[in-house]
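The structure appears right after this line, and notes come after that.
Every number here is computed from the coordinates shown, using simple stated rules; none is lab data. Predicted, not measured: the structure shown is a model, and the values here were computed from it. Please note: Cβ atoms are built from the backbone with ideal geometry, for glycine as well, and neighbour counts cover all protein chains shown.
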Amino acid sequence: MNATYINNQKYYLAIFDSKNHAIGLYYSLQKKGIKKFNLVSAPCQLKEGCNYSIKFENLDDYKTIQNLIPNNNIGVELYEIIRKNGRKEITKIETPI
């Protein structure tokens, strides 16, 4: 896992149906040399249980994740996180199927 954290005030999380999907996709990104993603724990308010998500800064980078999902058969939800005054504002982003 990459220990570097994205320090911007706004970032995005792709949260998957299972932690295995998140881990597998993250390692696929790493094997392709794509280093602008981080594997992080999914916030409890978004996904119960121990699950992971992929964190990234630019919404356009979500296309890279989508291109690695075979036949669009992995469930994924996309969220925008904005930190304001020490609090997180979380917004679900609807994505086309």
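Shown for GLU89, GLU77: other C-beta atoms within 10 Å of each C-beta, ranked fewest to most, produce the order GLU89, GLU77. For the pair CYS44 and THR91, the difference between a 0.36 nm per residue extended length and the Cα-Cα distance amounts to 15.5 nm. If you sort the three axes of the alpha carbon gyration tensor as a ≥ b ≥ c, you get a/c of 1.5 or more for the range 10-93 and a/b above b/c, which makes it prolate.
Mean projected area of the convex hull spanned by the Cα atoms of the range 37-82, taken over all viewing directions: 3.6 nm². In order along the range 23-33, phi translates into HN-Hα couplings of 5, x, 5, 4, 5, 5, 4, 5, 5, 7, x Hz, rounded to whole numbers, per the Karplus curve 6.51 cos²θ - 1.76 cosθ + 1.60 with θ = phi - 60° and x for Gly and Pro. Here the chain is treated with +1 on each Lys and Arg Cβ and -1 on each Asp and Glu Cβ, and its dipole about the Cα centre works out to around 340 debye. Spin-label model, LYS63 to LYS36: label points 7 Å out along the Cα-to-beta-carbon direction sit 1.1 nm apart.
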